[in-house]
Each structure stands twice: as C-alpha cells, then as structure tokens.
1. Could you look through the stretch 21-44, keep only residues that are hydrophobic (A, V, I, L, M, F, W, C) and in contact with a helix residue (DSSP H, G or I) (Cβ under 8 Å, 6 or more places away or on another chain), and pick out the one that is farthest from residue 83 (Cα to Cα)?
2. Residues that are among the acidic types (Asp, Glu), surrounded by fewer than 16 Cβ atoms within 10 Å (Cβ to Cβ) and over 12 Å from the mean Cα position of the chain (by Cα): list the strands (runs of 3 or more DSSP E) wholly contained in the chain that include at least 3 such residues.
3. Are any residues in the stretch 1-31 among the β-branched types (Val, Ile, Thr) and without any contact (Cβ under 8 Å) to a residue 24 or more places away in the chain, and if so, which ones?
4. Would you tally the residues in the stretch 32-56 being under 15 Å from residue 18 (Cβ atoms), free of Cβ contacts under 8 Å to residues at least 40 places away in the same chain and polar (S, T, N, Q)?
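Please treat every number below as a calculation from the coordinates, not as lab data. A quick note: this is a predicted structure, and the numbers were derived from the prediction, not measured. FYI the Cβ positions are ideal-geometry reconstructions off the backbone, even for glycines, and counts take in every protein chain you see.
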Amino acid sequence: MILYNISIIIEDSSHDDLFLWMKSHLKTLSIETSLLKMLDSPHEGTTYCIQIRASDHSTLEEYQAAILPALSEYIASTHHEKAFLFDSKMEYLSLD
C-alpha cells in the first residue's frame with residue numbers, strides 16, 4: 001500500500017481561495033482523497049496536504065495525472081510566488 005501526499009504551503013492572504021478550489025476540484029475525482037490542514041507547521045503561511053492511499057503504482061499514476069497538473073497550473077496562474085508544493089510517496093510497513 002502506498003500513501004501519496006501533496007503538500008502545499010501558501011501565504012495566509014491567499015489560502016482561502018486555494019482551499020475553495022481544492023475542495024471543488026477534489027470532489028470531481030473518482031479516487032478517494034483526503035484534504036488536511038497542518039496545525040503546527042514550521043513554515044509561515046498555511047500548509048495543506050492532499051492524500052490518497054493507492055494499492056499499486058498504476059492507481060498512483062492515475063491520481064497524479066488527475067490532480068498534479070491541474071493543481072500546479074492553478075497555483076502558477078492564480079497564486080504565483082505565493083505558494084509552493086511538493087509531493088512524496090510513502091510505503092506502509094508492517095509492525096509484525
């Protein structure tokens with residue numbers, strides 16, 4: 001199982017618009033998605049995380065194609081130099 005995370009750090013003056021866009025856009029996806037807000041971020045501004053759990057790499061690639069280009073384009077055109085995003089993939093490990 002793979003956890004895919006996109007973190008977005010955005011200036012406080014712009015985070016409301018980004019939050020509304022993300023909620024609207026994520027609802028259109030066929031993949032179950034979680035939207036989180038970091039409570040104790042070490043960075044200035046607001047940090048959001050978009051996460052999915054994927055059982056395989058093909059599901060992960062489908063999700064990346066569905067969200068990453070649109071999110072990157074929206075941030076570049078609407079919040080230029082006010083937001084930064086990065087993504088990461090993590091594998092779940094057994095405690096056994």
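1. By that ranking, first place goes to 31.
2. none
3. 28
4. Here the count works out to 2.
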